[in-house]
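For reference, the structure discussed in these notes is given below.
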């Protein structure tokens, strides 16, 4: 009973955040207001308990420790308590639209949202305006990249899809540049494995990467595959995996609900 109450509390908070984002653009605060408050490094917040920051002139000791190319004077930071797939998708959109490179993308083990990851993303930029732009785009994109995470009181599934993968997805998730790419994730991990099998049987796609509790994750209770192929085939595979997960999760609890508005149709 306590576990169900905790999950319900999390879902209630999710719904509150969704409502707040629907009302206005408060997800990304005005930069001038932040500066007036003595918070020039703060860019904004977004879904998934995510915060966006910039460092205009990163210290040489930090740069050297993180092995950041000296040409990158500024860095943009996205740090989240919940979610990794939505963040990397959003970062990929940011890389497409800004003069930045995604230097770091790490997946901390974070029990804040059941069995999943949090995330840490760092952009490198020669100008602080570019770093800030990348962070703003990432925060904004998370309003839709959370749309195909479906959760109930016992687990979740996550699906991501893009018709044209860019450098962030290529660097960290082996997506072929400019090609369609999809992500199929299930928690608990057994559901993810079943989803993956259903997905690759549903369409002619290629698995480019996988992850499980002891492989390519931070020992999270997830199984996932990253796939590529024809755009229509990738979308078909992802949607087949989603349908499978929704049925399986419903046998363990209530019908899974989307955290935002589903965008894969």
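General observations
- Stretching residue 62 away from residue 218 to a fully extended chain increases their span by 53.8 nm, per 0.36 nm per residue minus the current alpha-carbon distance.
- Rel. contact order, % - alpha carbon contacts under 8 angstrom, at least six apart, region 82-182: 30 percent
- Packing around the peptides 67-79, 40-52, taken as the average count of other Cβ atoms within 10 Å per residue, puts them in this order, highest first: 40-52, 67-79.
- Extended-chain gain in nm, criterion 0.36 nm per residue less alpha-carbon gap, residue 262 and residue 210: 16.4 nm
- Of 148, 59, 230, the sequence from fewest to most neighbouring Cβ atoms within 10 angstrom is 59, 230, 148.
- Exposure proxy ranking for 259, 239, based on other Cβ atoms within 10 angstrom of each Cβ and starting from the fewest, stands as 239, 259.
- Relative intensity, log₁₀ I(q)/I(0), of region 118-265 from a Debye sum that treats every alpha carbon as a point, q = 0.11, 0.14, 0.21 Å⁻¹: -0.42, -0.68, -1.37
- Placing pseudo-labels 7 Å out from each Cα toward the beta carbon at residue 201 and residue 230 gives an inter-label distance of 2.1 nm.
- Within region 87-105: backbone nitrogen closer than 20 Å to the residue 41 label point (7 Å, Cα to C-beta): 103-105
- Of interest is the spacing of the C-alpha centroids, which for region 152-197 and region 243-265 amounts to 15 Å.
- Rounded if a/c under 1.5, otherwise prolate or oblate - region 66-140, Cα gyration tensor axes: prolate
- Overall Cα dimensions of region 181-265, principal axis frame, Å, largest first: 34, 30, 23
- This ranking places 164, 133 by how few other beta-carbon atoms lie within 10 Å of each, fewest first, which gives 164, 133.
Values quoted throughout were computed directly from the atomic coordinates according to the rules given, and no laboratory measurement underlies them. Note that this is a predicted model, so its numbers are computed, not measured. Cβ sites come from the backbone with ideal geometry, for glycine too, and all protein chains shown count toward neighbours.
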